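The values are calculated or read from the model by the stated rules, or taken from the named source; none is laboratory data. These numbers were taken from a predicted model, which means no experiment stands behind them. Don't worry about glycine lacking a Cβ; one is built from the backbone with ideal geometry, like all the others, and counts go over all protein chains shown.
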Amino acid sequence: MAATRFEHPSAAPLTLLLPDLDGGEPGYWLRHWIDSRIDCRLVDLGQARCPDRNSLVTRLDHALRGIDAPVILVGHGVGALTIAAWAGLISSESEAAVAGALLVAPGDPAAAGADPRLSDFAPLPSTVFSFPALVVASDDDPSLSPDRAFSLARQWGAGFARFGACGHFSPADGLGWWPEGEELLDRFIDLVEPGRAPGQTRGGLDQLAQGLPPRDRGSSPLFRP
């Protein structure tokens, strides 16, 4: 029987959600997940106009303390960059609590035309994550091309999931509560459950998004009743 890395493998996973800049806008899928799922909790990253990488990493590390269950991290934009930065600085004690991470549209602060507010995150870490991870990108994200997203995924030892016309996965892109993303989260949680062999997890990451319905850019946003 494979040894689990979790102290309490029978505990249900808790998902910590790290929002992007301007994450307080109405219609944000991440907020819908928090309101509709009992397994999701927000990590407060503050409202700094120019986020400080070390400050955000510290906020995430503090949020992980005292959680007596496996943790799934979901970061969007600057939240994803915070997870990547944290992964290169974590202690073994903090690492043991993390079952896996979804990094949605992490962005590239060094790219031409990048949001200047992300400058403190450059250069991006080159460390291979010690936990399973999946980088999620879209075909038309102005802040991160699919090719660059794929490169980052391999740089971090993560899987890669590519969606269609979802922009930067922001409220302005009309995703609503983004049901395809929520289905992806559920699949990811099942894949990284305690006791699963590491080879099975790594082999399944790139296939997680297969079979999810494509999003029609012309369709109306979907909201949970």
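Please determine whether any residue of region 48-71 is of a type in the set (A, V, I, L, M) and in a strand (DSSP E or B).
yes
Give Leu208, Leu124, Leu185 a once-over and let me know the one that is touching a strand residue (DSSP E or B) at 6+ places or on another chain (Cβ under 8 Å) and modelled with pLDDT of 90 or more.
Numbers: Leu208 fails: modelled with pLDDT of 90 or more; Leu124 fails: touching a strand residue (DSSP E or B) at 6+ places or on another chain (Cβ under 8 Å).
Step by step, each of Leu208, Leu124, Leu185 is checked, and only Leu185 is touching a strand residue (DSSP E or B) at 6+ places or on another chain (Cβ under 8 Å) and modelled with pLDDT of 90 or more.
Taking the stated definitions as given, is Ala101 assigned to a strand (DSSP E or B), in contact with a Lys or Arg (Cβ under 8 Å, 6 or more places away or on another chain) and modelled with pLDDT of 90 or more? Let's see the steps before the verdict.
Working: assigned to a strand (DSSP E or B): yes; in contact with a Lys or Arg (Cβ under 8 Å, 6 or more places away or on another chain): no; modelled with pLDDT of 90 or more: yes.
No: the conditions fail for Ala101.
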_Looking at Thr4, Thr15 in this structure, which one is farther than 20 Å from Pro116 by Cβ and either at pLDDT below 90 or assigned to a loop (DSSP other than H, G, I, E, B) (or both)?_
Thr4
*Could you list, in sequence order, the residues of region 161-178 that are surrounded by fewer than 20 Cβ atoms within 10 Å (Cβ to Cβ), in a loop (DSSP other than H, G, I, E, B) and of a type in the set (A, V, I, L, M)?*
Ala165
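Of everything in region 141-154 that's in contact with a Gly (Cβ under 9 Å, 6 or more places away or on another chain) and surrounded by 15 or more Cβ atoms within 10 Å (Cβ to Cβ), which residue is nearest to Leu102 (Cα to Cα)?
Result: Ala153.
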_Quick check on Asp108: is it in contact (Cβ under 8 Å) with a residue 40 or more places away in the chain, among the acidic types (Asp, Glu) and either closer than 19 Å to Pro19 by Cα or surrounded by fewer than 22 Cβ atoms within 10 Å (Cβ to Cβ) (or both)?_
yes
*asked:* Name the single residue that is farthest from Ala114 (Cα to Cα) among those in region 45-90 being surrounded by 14 or more Cβ atoms within 10 Å (Cβ to Cβ), in contact with a Lys or Arg (Cβ under 7 Å, 6 or more places away or on another chain) and of a type outside the set (Gly, Ala, Ser).
replied: Leu45
*Mind listing just one residue for me: the one in region 18-68 that is modelled with pLDDT of 90 or more and touching a Pro at 6+ places or on another chain (Cβ under 6 Å) and, of those, nearest to Asp173 (Cα to Cα)?*
Tyr28
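Yes/no per residue for (1) among the hydroxyl-bearing types (Ser, Thr, Tyr); (2) within 20 Å of Leu56 (Cα to Cα):
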| residue | (1), (2) |
| --- | --- |
| Leu103 | no, yes |
| Leu124 | no, yes |
| Leu134 | no, no |
| Ser138 | yes, no |
| Gln155 | no, no |
| Phe160 | no, no |
